[in-house]
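See below for the structure under consideration.
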Amino acid sequence: MTAAPCPEQLRTYRVALTVPPVRYGGPIVVFDANSQFTIENDWMPNRGWKQPTYLTVRLSPVLEGTLVELFHHGFEHVGGDVGAEHAGYEQGWGMLQLNALKEIAEKTAAELLS
C-alpha cells in the first residue's frame with residue numbers, strides 16, 4: 001500500500017449534463033495507488049440522501065494494459081425508495097465519463113513520465 005492522501009482530502013466533481021452543472025464528491029476512504037481508490041459520494045449540497053454512496057475505481061493489469069473497473073455502490077444506505085434510486089444510476093456511467101477518466105489518467109501518466 002502506498003502513502004494515501006490525507007483522509008480529509010475532499011474530491012469533488014461536476015456533472016455538466018444539466019445547466020448549471022451539479023457537484024458531487026466526498027473524502028477518500030480507501031487508497032492504494034497500485035490497485036484501487038474509493039471515495040464517499042454525495043451531492044453538494046445534499047439532495048436528501050441519509051448517507052453517501054461510494055465510488056470505487058479498481059485497476060488490474062491485463063495483457064499490455066490496465067483494466068479499469070468503476071463500481072458505484074452503497075445505495076442501500078441512502079434511504080427512501082432504494083430500488084428506484086439505484087435504477088436511476090444504472091445507465092449513468094457511460095463511455096462519455098469513462099473516456100474522460102481514461103484521458104485524465106493517460107495525461108497524468110505522461111506528465112509523470114516526462
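Overview of values
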{"read-out": "Single match in Glu64, Glu69 (criterion: of a type in the set (Asp, Glu) and without any contact (Cβ under 8 Å) to a residue 12 or more places away in the chain)", "value": "Glu64"}
{"read-out": "Checklist (1) touching a helix residue (DSSP H, G or I) at 6+ places or on another chain (Cβ under 8 Å); (2) farther than 16 Å from Lys102 by Cα; (3) in contact (Cβ under 8 Å) with a residue 24 or more places away in the chain applied to Val82, failing item", "value": "(3)"}
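Taken together, the values in this text are just the output of simple stated rules run on the coordinates, not laboratory data. Note that the structure is a prediction, hence the values are computed from the model and not measured. Counting neighbours? That spans all protein chains shown, and the Cβs are built from the backbone with ideal geometry, glycine included.
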